[in-house]
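The structure appears right after this line, and notes come after that.
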2 protein chains.
Amino acid sequence: MDAKRDQRCGPERRPHVVILGAGFGGLNAAMSLRRAPVDITVIDRRNYHLFQPLLYQVATAGLSPAQIAMPIRRILTRQSNATVLMDKVESVDAAARCVVTGTRRITYDYLVIATGARHTYFGNDAWSEYAPGLKTIADATAIRARILSAFERAEVTDDAAMRKRLLTFVVVGGGPTGVELAGAIAELARNTVVRDFRRIDSSTARVMLVEAGAHILPTMPPCLSKKAGRQLEKLGVEVVCGNAVADCDDSGVRLANGTEIDSACVLWAAGVMASRAAKWIGAPADRAGRVMVDARLNPPGHGEIFVIGDTASVGDGGGLPVPGVAPAAKQMGRYAARAILDDMAGRRSAPFRYRDYGNLATIGRKAAVADFGRARLSGYPAWLVWNFAHLWFLVGFRNRLVVFLDWAVAYVRNDRAARLITGQYEA
Amino acid sequence: MDAKRDQRCGPERRPHVVILGAGFGGLNAAMSLRRAPVDITVIDRRNYHLFQPLLYQVATAGLSPAQIAMPIRRILTRQSNATVLMDKVESVDAAARCVVTGTRRITYDYLVIATGARHTYFGNDAWSEYAPGLKTIADATAIRARILSAFERAEVTDDAAMRKRLLTFVVVGGGPTGVELAGAIAELARNTVVRDFRRIDSSTARVMLVEAGAHILPTMPPCLSKKAGRQLEKLGVEVVCGNAVADCDDSGVRLANGTEIDSACVLWAAGVMASRAAKWIGAPADRAGRVMVDARLNPPGHGEIFVIGDTASVGDGGGLPVPGVAPAAKQMGRYAARAILDDMAGRRSAPFRYRDYGNLATIGRKAAVADFGRARLSGYPAWLVWNFAHLWFLVGFRNRLVVFLDWAVAYVRNDRAARLITGQYEA
């Protein structure tokens, strides 16, 4: 009905908004246009929207994939002006205003590019085989299988050196994902599985967090980053800062200072590279491949294209870059929707301003750090805030309730619900 | 403490019981020996016990893998006489009483073989690529991706013939698994996803169930098998009986009567072949590869070996073969445990007798058939019994509660919780 009313005073042909990627940015752009007199096409390679902040929980057997992933078309099922296509974008013809996928050409009046980012090995792509990264559901279940099968193989083997190697876990990268992974693996080894083995003592497992910079959680204030380090060490994680990875192969990693670490389970949580969007539209990119956009999130010369989320390099309006976090992507998605409506009405949009609601990182059971500018929390209070915030923002009531139950039961029983080894790691 | 007391009157070295496979049979054998003065080693290729009766729910996006799978070592964590090894059995040296895995030789005093069965293509192994079968978690998530991506690709394509082919689903085999899969796919197409698409009408999807024999559910009484057929047709499934599959390739299937069915999603639920156990121990096997055992579940000449569950071919004590169902495997597992204790005490065991508690098959939302000998149910009452029975027997309280919640929410909202496409079917 809204669409009909709007149409009376709008143009005859409704503008076509094509949105590439249904992460936080793309999905929020689409949802913000739900009453607008436009036709929306959302294109994504996958059929689900992923609540990425909890992906490390899937990788460490705490949650099931379906608990943090929802079909995109289910989320948009009642939004009659939105069509969802599962397809892979090959290129964009910005001059002809046209997106080219594997199966078709789709013309647009407005294009929102929200194709996100992946991890990068800084040119050492051969490392990906030995040190998998975490960005998709498939990544997470593969990492889960690698972690769990390391314990299984340690239980089977009679070779002491092999057992030690299997019980050494190395997480590369001290950002939020690395901290979360290292903390969760330490808890898994020290608490969850410790009574399940007969031939090994899983609590002797060595868990290392290797960070090239001087501090873990570099975007946090130094006092919180120190507290996070102490909380990690209390969980049994060895934190190694100021030491980059120099090499990585099937026996483990070698650090820049020459230390060799034998490990059968190296995980990569360092470095992020944006999607190929800059190449598609021929726009300038920063070192991480992100499209340099102006304060209206447009690339140079294309007022009809918006680049948002992890694919965009933009200032927050106060001289600092907008961080690559979910709240920023959501805000940019909503901004792009408003800017499209402004343009349709012939108005000039106000520049994008990032509103920072705070910065959270969880470390483990009852341990986290939270930075809200003036208020800084750590330990149990920060962990409660983290839990509350993540449950609150999980898409969909069902997921929220089931995840809450899983967490509650896991908390009481000190258990993890999804300890499955599937795929290549089966014996 | 029990173990200590028992040891005083038992032999000095405790007998070693090796159990191959932690399905319903193997797990029940291990758990029944929890207070026995024996050392138990459970060997399985996978790290989880699978509640196979609900596997079709994972394949049709109703449940997540972790809801029907539990780590074997978690189930046996408090059973101190049991060690779990995730390993692959290569062979058995029955003369030397020794199991050979990829990594080691394990000698035994008693051997329980419970390695189950897989689907078979009756010699046409090339069909497996086009018509995947359902036996493991990996099978189930692959089938889920195949079903869901057929709808996704139909929404994207502009080719009418291709769209028709993508919206044609063929399930081969009219046993319980085939009936469950066909019913669930029909419900998915007619109810769950119908409002989520814009370019296709998913309710026009064609779902066929092809059975070579004269009736679906051939182990059910004819009146129930007819009722099941009618219930399936009410859901929109075309039931084709008396027609085998003659060929199968990437365009679809050809039936024995020459009918060609274009389909992008053919699923295999016909035919079962036992594991290689008969070859391992050099014992006679029936046509389905099952080891022919005597009334004490021993293969000829090996009183120390028990073959149970889907791997065994045995009479029920009344002249009929024991069916390949979970309750039969459980009963055989418990029988093997008792027989081992009898043998240790120098007693001769009574022969195995199968106790048939009834036969259930579900068809869809509010539809099922149940045969309890004198009492025969169909429709809603049978469906309630089926739900209750399956929840009741799910291993572990957590799973039971979460699955119940998922089912309750799915029932009210007519939704399916785990609609994820992962792996090779991503665009």
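Can you tell me what share of the DSSP beta bridges in the protein assembly as shown is antiparallel? A percent to the nearest 5 is fine. Write down the numbers at each step before the final one.
Working: 62 of 129 bridges.
Around 50 percent antiparallel, to the nearest 5.
What does the structure give for A:83-89 when I average, per residue, the other chain Cβ atoms found within 10 Å of the residue Cβ? Don't jump to the answer; show the numbers that get you there.
Values: counts 4, 7, 6, 11, 5, 2, 1.
For this peptide, the per-residue mean of nearby foreign Cβ atoms is 5.
Between B:R144, B:R206, B:R13, which gets the highest mean-square fluctuation from a Gaussian network model of chain B, Cα cutoff 10 Å?
Maximum fluctuation in the GNM of chain B, among the listed residues, is at B:R13.
What spacing in nm lies between the two simple spin-label points modelled at A:R355 and A:E304, each 7 Å away from Cα in the Cβ direction?
Distance between the two pseudo-spin positions: 3.1 nm.
In cubic angstrom, how much convex hull volume per residue do the alpha carbon atoms of region A:275-364 span? All intermediate terms of the calculation are to be shown ahead of the outcome.
Numbers: hull volume 9.9 nm³, N = 90.
Considering the Cα atoms of region A:275-364, their hull volume per residue is 110 Å³.
Apply 1/(1 + (r/R0)^6) to the Cβ-Cβ distance of B:H16 and B:L405, taking R0 = 45 Å, and write down the FRET efficiency to the nearest 0.05.
Values: r = 42 Å, r/R0 = 0.94.
The value I calculate is 0.60.
Can you give the convex hull volume per residue for the Cα atoms of region B:100-225, as a whole number of Å³? Don't skip to the answer; put the middle values down first.
Values: hull volume 23.6 nm³, N = 126.
Cα-based convex hull of region B:100-225, divided per residue, equals 187 Å³.
For the full complex of protein chains and a 1.4 angstrom probe, list A:K227, A:K135 by accessible area with the highest value first. Walk me through the numbers before you get to the answer.
Working: A:K227 80, A:K135 40 Å².
Ranked list, largest accessible area first: A:K227, A:K135.
Per Stokes-Einstein, at 10 °C and 1.306 mPa s, what whole-number D in µm² s⁻¹ belongs to region B:46-95, with the Kirkwood radius over Cα pairs as the hydrodynamic radius? Present the calculation step by step, with values, prior to reporting the outcome.
Details: Rh = 13.0 Å.
Diffusion coefficient, whole number: 122 µm²/s.
Based on the Cβ-Cβ distance of B:R347 and A:D201, what FRET efficiency does E = 1/(1 + (r/R0)^6) give at R0 = 30 Å, to the nearest 0.05? Numbers along the way, then the final one.
Numbers: r = 40 Å, r/R0 = 1.32.
About 0.15, to the nearest 0.05.
Translational diffusion coefficient of region B:154-227 at 37 °C, 0.692 mPa s, Stokes-Einstein with Kirkwood Rh over Cα pairs, in µm²/s as a whole number. Walk me through the intermediate numbers first.
On the way: Rh = 13.6 Å.
Using the Kirkwood radius from Cα pairs, D works out to 241 µm²/s.
If a/c stays under 1.5 just call it rounded; otherwise compare a/b with b/c (prolate if a/b is bigger, oblate if not). Do that for region B:124-184, with a ≥ b ≥ c from the square roots of the Cα gyration tensor eigenvalues.
Numbers: a/c = 1.81, a/b = 1.75, b/c = 1.04.
Since a/c reaches 1.5 and a/b is larger than b/c, the shape of region B:124-184 is classed as prolate.
Report the accessible area of A:Y335, computed with a 1.4 Å probe over the heavy atoms of all protein chains in place, in Å² rounded to the nearest 10.
Rounded to the nearest 10, the figure is 10 Å².
Rule-of-thumb check for the protein assembly as shown: C-alpha Rg over 2.2 N^0.38 Å? Don't skip to the answer; put the middle values down first.
Values: Rg = 28.9 Å, N = 854, 2.2 N^0.38 = 28.6 Å.
For the protein assembly as shown, the normalised Cα radius of gyration comes out at 1.01.
Determine the alpha carbon to alpha carbon distance for each of A:K366/B:K88; B:K135/B:K366; A:K164/B:K88; A:K164/B:K135 and list only those over 28 Å.
On the way: A:K366/B:K88 39 Å; B:K135/B:K366 25 Å; A:K164/B:K88 22 Å; A:K164/B:K135 35 Å.
Exceeds cut-off: A:K366/B:K88; A:K164/B:K135.
Taking the alpha-carbon centroid of each part, what is the distance from region A:201-263 to region A:173-199 in angstrom?
Using only Cα atoms to place each centre, the spacing works out to 13 Å.
May I ask what percent, to the nearest 5, of DSSP beta bridges between residues of chain B are antiparallel? Working shown, then result.
Numbers: 31 of 65 bridges.
Given both bridge residues lie in chain B, the antiparallel proportion sits at roughly 50 percent.
State, to one decimal in nm, how far the label point of B:R104 lies from the label point of A:R374, with both points 7 Å from Cα in the Cβ direction.
6.2 nm
How many Å³ per residue does the convex hull of the Cα positions in region B:218-304 occupy? If you can, show how the numbers build up before the last one.
Working: hull volume 14.5 nm³, N = 87.
Convex hull volume per residue, Cα atoms: 167 Å³.
With just the Cα atoms defining each centre, how far is region B:361-383 from region B:77-112? Give it in Å.
After rounding, the separation between the Cα centres reads 41 Å.
Most mobile of B:I106, B:I72, B:I305 per a Gaussian network model of chain B (Cα springs, under 10 Å)?
Comparing B:I106, B:I72, B:I305 in the GNM, the peak value goes to B:I106.
Can you bin region B:14-118 into rounded, prolate or oblate? Criterion: square roots of the alpha carbon gyration tensor eigenvalues sorted a ≥ b ≥ c, rounded for a/c under 1.5, prolate for a/b above b/c, oblate for the rest.
On the way: a/c = 2.46, a/b = 1.63, b/c = 1.51.
Note, shape of region B:14-118 comes out prolate.
Between chains A and B there is a rotation axis; tell me the chain A residue with the nearest beta carbon and how many whole Å away it sits.
A:S64, 2
On C-alpha positions alone, give me the angle between the axis of helix B:397-413 and the longest principal axis of chain B, in degrees, nearest 10.
Once rounded, the angle reads 10 degrees.
With chain A treated as a Gaussian network of Cα nodes joined by springs under 10 Å, which of A:G21, A:G123, A:G303 yields the largest mean-square fluctuation?
In this elastic network of chain A, the residue with the biggest mean-square fluctuation among A:G21, A:G123, A:G303 is A:G123.
Report Rg (one decimal) and Dmax (nearest whole number) for region B:325-391, counting Cα atoms only, units Å.
16.7, 52
Obtain the radius of gyration and the Kirkwood radius of region B:43-182 from its C-alpha atoms and give Rg over Rh.
Values: Rg = 19.8 Å, Rh = 18.2 Å.
Reported Rg/Rh (Cα atoms, Kirkwood Rh): 1.09.
Please compute how much accessible surface disappears when A pairs with B, both sides summed, using a 1.4 Å probe, and round it to the nearest 100 Å².
Details: alone 20450 and 20500 Å², together 35960 Å².
It comes to approximately 5000 Å² buried between A and B.
Restricting to DSSP H runs of at least four residues, report the calculated mean residue ellipticity at 222 nm for the protein assembly as shown, -39500 (n - 2.57) per run over all residues, nearest 500 deg cm²/dmol. Mind dumping the intermediate values first?
Working: 24 runs with 267 residues, N = 854.
After summing the helix terms and dividing by residue count, I get -9500 deg cm²/dmol.
What is region B:275-318 by shape, rounded, prolate or oblate, if you read a ≥ b ≥ c off the alpha carbon gyration tensor as root eigenvalues and call it rounded for a/c under 1.5, prolate for a/b larger than b/c, and oblate otherwise? Let's see the in-between values first.
Details: a/c = 1.82, a/b = 1.14, b/c = 1.60.
Cα axes put region B:275-318 in the oblate bin.
Over the heavy atoms of B:C241, what accessible area does a 1.4 Å probe trace out, to the nearest 10 Å²?
Rounded to the nearest 10, the figure is 50 Å².
Using the 2.2 N^0.38 Å rule of thumb for compact globular proteins, work out how chain A stacks up: its C-alpha Rg over that value, please.
Details: Rg = 22.7 Å, N = 427, 2.2 N^0.38 = 22.0 Å.
Ratio of Rg to 2.2 N^0.38 Å for chain A: 1.03.
Measuring label to label, 7 Å along Cα→Cβ, what does A:G346 give against each other copy in nm, shortest first?
Computed spacing set for this position: 10.7 nm.
Please list A:K330, A:K226 from largest to smallest accessible area, probe radius 1.4 Å, with all protein chains kept in place.
On the way: A:K330 35, A:K226 125 Å².
From most exposed to least exposed: A:K226, A:K330.
The values are calculated or read from the model by the stated rules, or taken from the named source; none is laboratory data. All figures in this text were calculated on a predicted structure; none of them were measured in a lab. Heads up, the Cβs are rebuilt from the backbone with ideal geometry, glycines too, and the neighbour counts pull from every protein chain shown. Keep in mind that these areas ignore ligands, DNA and RNA; they rest on the heavy atoms of the full protein, side chains included. Shrake-Rupley method; radii C 1.70, N 1.55, O 1.52, S 1.80 Å.
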